[in-house]
Amino acid sequence: MGDSGATGDDGTVIGLSERDRAILDLEQSTTGSPRQKEAVIRRDLGLSTARYQQLLNSLIDRPAALAYAPMLVGRLLRLRDARSLARTTRSFGPPTR
């Protein structure tokens, strides 16, 4: 099973497990507070919030996830890149003049 992003005869994306699709669907549909989202993650997926974030972060790098939810994956990649850039440009010393 590869990450080709191809679709099978039933329209499902090849390369994504049911849990992978559930993670992407949950991320796309969650609009409540962070506490509500944490409760949904635990209840529906049986995952801790930290593990959910780890799985989501690795999932958005896969071509099959991009094929399944292109708008969501694109947005998450942009957010991750912006956070990474902010970390690398952060200065901890006194400002230079």
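Throughout, read-outs are computed from the coordinates displayed, never taken from laboratory work. This one's a predicted model, so the numbers in the text were calculated from it and none came from an experiment. Here the Cβ positions follow ideal geometry from the backbone for every residue, glycine too, while neighbour counts run over all protein chains shown.
Give me D for region 18-86 in µm² s⁻¹, whole number, from Stokes-Einstein with Rh from the Kirkwood sum over alpha-carbon pairs, 4 °C and 1.567 mPa s.
Translational diffusion coefficient: 104 µm²/s.
Kindly write out, for region 16-27 in residue order, the coupling ³J(HN,Hα) from the Karplus curve 6.51 cos²θ - 1.76 cosθ + 1.60 (θ = phi - 60°), rounded to whole Hz, with x marking Gly and Pro.
Coupling constants for region 16-27: 10, 7, 4, 5, 4, 5, 5, 5, 5, 5, 5, 5 Hz.
For region 83-95, just list the computed ³J(HN,Hα) in residue order, Karplus coefficients 6.51, -1.76 and 1.60, θ = phi - 60°, integers in Hz, with x standing in for Gly and Pro.
5, 5, 5, 4, 5, 6, 9, 5, 10, 9, x, x, x
Suppose every K and R has +1 on its Cβ and every D and E has -1 on its Cβ; what is the size of the dipole of region 18-86 about the Cα centre, in Debye to the nearest 20?
For region 18-86, the charge dipole is close to 200 debye.
Starting from the 7 Å offset along Cα-to-Cβ, what nm value, one decimal, do you get for the label separation of residue 80 and residue 38?
2.3 nm
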